[in-house]
Amino acid sequence: LPPPVKPPPPPRPTMPALSASLAVSTINSLNGNQPLNELVIEDYIRTQYRPLLNYIFFDSGSAIMPARYHALTPSEASAFDYKQFNDYETLPLYYEVLNIIGQRMRTFPHSKLTIVGCSGESSETPQSRTVSCSRAEAVYRYLRNSWDIDSSRMKVEYKNLPEKPSNPSDTDGQAENRRVEIYSTVPQVLEPIFTTDTVHIPKPSTIRFLPGGESEA
């Protein structure tokens with residue numbers, strides 16, 4: 001007998017048509033879409049030179065280091081490098097001031113610091129002297145414990161008002177006077193912060209992707 005004839009396979013279902021598109025545009029002066037035919041990316045070297053403020057400001061009546069100053073453990077201090085802070089704004093960079101000084105003290109092992117605590121009070125009292133001393137010692141302990149700066153390289157002093165005080169009768173002046181001042185025998189420890197990095201600038205700066213699609217389904 002001849003082999004049985006296999007029936008033909010059933011016709012495949014017709015798939016619904018699908019079309020897709022992707023347009024790329026930028027924004028014109030009227031905030032509308034303008035076709036984009038070319039994207040240019042410019043690279044250039046950016047150099048920043050920012051001053052280092054050698055003051056640590058304390059809260060009223062307190063000798064506790066404010067939390068806004070970034071404190072590091074000894075292991076974190078070993079990996080610290082302020083030259084990586086290219087994108088830091090001035091204020092966040094300032095909150096790294098003790099770490100920057102600590103790193104530079106290691107770089108210049110013959111440098112020494114004078115740490116001067118101030119209470120900000122216009123008249124001297126036993127309490128104000130205690131606050132001034134405790135503030136200076138807080139900075140001293142941090143540099144010694146976290147950055148392993150030898151005690152022989154740091155001298156602690158304290159007084160009521162800073163050498164060049166702000167107006168003590170003004171609220172802002174009082175806040176500025178509640179500080180610890182740091183001085184170094186080596187100018188490089190307190191010199192401005194110099195950083196260099198590569199910046200990428202796209203032109204245009206804004207790109208819109210406009211996907212489209214149509215389907216029979």
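The values are calculated or read from the model by the stated rules, or taken from the named source; none is laboratory data. Bear in mind the structure is a predicted one, so any value in this text is a computation, not a measurement. Note that we place each Cβ from the backbone using ideal geometry, even for glycine, and neighbour counts take in every protein chain shown. These area figures cover heavy atoms from the full protein model, side chains too; ligands, DNA and RNA do not enter into them. Shrake-Rupley method; radii C 1.70, N 1.55, O 1.52, S 1.80 Å.
A few comments on the model shown:
- The spacing between the stretch 112-160 and the stretch 65-100, judged by their C-alpha centroids, is 20 Å.
- Candidate residues L72, L30, L190, L91: accessible-area rank, largest first, probe 1.4 Å: L30, L91, L190, L72
- Residue order for S151, S132, S21 - accessible surface, 1.4 angstrom probe, largest first: S21, S151, S132
- Rounded, prolate or oblate (a/c below 1.5 giving rounded, otherwise prolate when a/b exceeds b/c) for the chain by Cα gyration tensor: prolate
- Backbone HN-Hα couplings from phi across the stretch 58-73 [Karplus 6.51/-1.76/1.60, Hz, Gly and Pro as x]: 10, 6, 4, x, 10, 10, 8, 4, x, 5, 5, 7, 6, 9, 10, 7
- A cut-off of 5 Å between modelled amide H atoms, ignoring neighbours fewer than 5 places along the same chain, links T26 with Q34, L36, R208.
- Of all the options E124, E137, E181, the one that moves most in a Gaussian network model of the chain with Cα springs shorter than 10 angstrom is E124.
- Each of the peptides 199-206, 96-103 was scored by the mean count of other Cβ atoms within 10 Å over its residues; in descending order, highest first, they stand as 96-103, 199-206.
- Across the stretch 122-131, computed HN-Hα scalar couplings (Karplus, 6.51 cos²θ - 1.76 cosθ + 1.60, θ = phi - 60°) run 6, 10, 8, 9, x, 5, 5, 5, 5, 5 Hz from first to last residue, x flagging Gly and Pro.
- Taking P192, P74, P11 as the candidate residues, the one with maximal mean-square fluctuation in a Gaussian network model of the chain, Cα springs under 10 Å, is P11.
- When the chain is treated as a Gaussian network with alpha carbon springs shorter than 10 Å, the biggest mean-square fluctuation among L36, L53, L113 belongs to L36.
- Nearest-10 value in Å² for the accessible area of R178, using the 1.4 Å probe: 50 Å²
- Between 0 and 90°, nearest 10: helix 97-107 axis offset from the chain longest Cα axis: 80 degrees
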